[in-house]
Amino acid sequence: MRKTVRHIKKRNRFSIIFPILTIIAIGILFTFSSFYEKSWSYNWNGISEQIRDSIKVAEYGGISSGVVGVSGRKPKQFDRRIWIMKNATEKELLNLTEYPSGTIKAIAYEGLLRRKDYKDKTSLVLKSLKDTEYPIEYQSGCLSSKMYVGEYLINQVLFLDNQGPPLPESFVNYRKEKYDVDKIMKEYLKLKKL
């Protein structure tokens, strides 16, 4: 009889501690999953340390046109974006098109489009049009708007939407040589309707 009583006491202690440990474990998992960001598990292989550090800073700044706003000075994010596009290799920029942030994706796509030696620019723009998971915050002077990466590239980088002032003839000819404008605009208008 004594043997049975001793086992009952140990089981009672475990039955009290088990629910408490379970609640603590669920709380930790819930907290971690609530604040988890996909960028924590991004594969940085093939990306230099300087580019990685700049990406981590640029991730939360949005995209700036460089136009001066109320503060009277050009935003640092503009210079940071230009530095990344200039100093990152083509391979690094291609890897960064998969980064889980709209800002970084936009910088990577724009950097590839601005490279003279990059060949497949039309398919790159078409790929960016399908990339609608992460929007970007675009700022020009005092105005700010949310848009997707493809929309940013078409309206602010390539000026394909023709909603602004007329472009110089040299830029229009360059654009026609490097891009299949009709194919890009057809896909863009399909997405815009959605």
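Among the conditions (1) modelled with pLDDT of 85 or more; (2) out of contact with any strand residue (DSSP E or B) (no Cβ under 9 Å at 6 or more places or on another chain), Leu158 misses just one, which is (1). Among the candidates Lys192, Lys176, Lys183, the residue that is surrounded by fewer than 17 Cβ atoms within 10 Å (Cβ to Cβ) and at pLDDT 85 or above is uniquely Lys183.
Output yes when any residue across the range 73-90 is modelled with pLDDT of 85 or more and within 21 Å of Asp180 (Cα to Cα), and no when none is. Checking the range 73-90: not a single residue is modelled with pLDDT of 85 or more and within 21 Å of Asp180 (Cα to Cα).
When the range 87-100 is filtered for residues that are crowded, with 21+ Cβ neighbours inside 10 Å and either within 21 Å of Met147 (Cβ to Cβ) or in contact (Cβ under 8 Å) with a residue 60 or more places away in the chain (or both), the ones remaining, listed by number, are Leu93, Leu96, Tyr99. So, in the range 146-160, of the ones that are open to solvent by 10 Å² or more (accessible area, probe 1.4 Å) and of a type in the set (Phe, Trp, Tyr), which residue ends up nearest to Ile107 (Cα to Cα)? Here the answer is Tyr148. Scanning the range 104-123 for residues that are touching a Lys or Arg at 6+ places or on another chain (Cβ under 9 Å) and open to solvent by less than 10 Å² (accessible area, probe 1.4 Å) yields a total of 8. Exactly one residue out of Ile23, Ile55 is hydrophobic (A, V, I, L, M, F, W, C) and out of contact with any Phe, Trp or Tyr (no Cβ under 9 Å at 6 or more places or on another chain): that is Ile23.
Taking into account only those residues within the range 67-86 that are in a helix (DSSP H, G or I) and open to solvent by 90 Å² or more (accessible area, probe 1.4 Å), which is farthest from Ile107 (Cα to Cα)? Among residues in the range 67-86 that are in a helix (DSSP H, G or I) and open to solvent by 90 Å² or more (accessible area, probe 1.4 Å), the one farthest from Ile107 (Cα to Cα) is Lys76. Please specify each residue of the range 124-145 satisfying the condition of being loosely packed, with under 14 Cβ neighbours inside 10 Å and either in contact with an Asp or Glu (Cβ under 9 Å, 6 or more places away or on another chain) or closer than 14 Å to Val157 by Cα (or both). Once the filter is applied, which keeps residues that are loosely packed, with under 14 Cβ neighbours inside 10 Å and either in contact with an Asp or Glu (Cβ under 9 Å, 6 or more places away or on another chain) or closer than 14 Å to Val157 by Cα (or both), the range 124-145 yields Lys130, Ser144, Ser145.
Of everything in the range 28-66 that is acidic (Asp, Glu) and surrounded by 10 or more Cβ atoms within 10 Å (Cβ to Cβ), the residue that is farthest from Tyr109 (Cα to Cα) is Glu37. Of the residues examined, Val125 is one that is at pLDDT 85 or above and assigned to a helix (DSSP H, G or I).
The values are calculated or read from the model by the stated rules, or taken from the named source; none is laboratory data. Every value quoted in this text rests on a predicted model; they were computed, and no experiment measured them. So basically every Cβ, Gly included, is an ideal-geometry build from the backbone, and we count neighbours across all protein chains shown. What goes into the accessible areas is simple: the full protein's heavy atoms, side chains included, and nothing from ligands, DNA or RNA. Shrake-Rupley method; radii C 1.70, N 1.55, O 1.52, S 1.80 Å.
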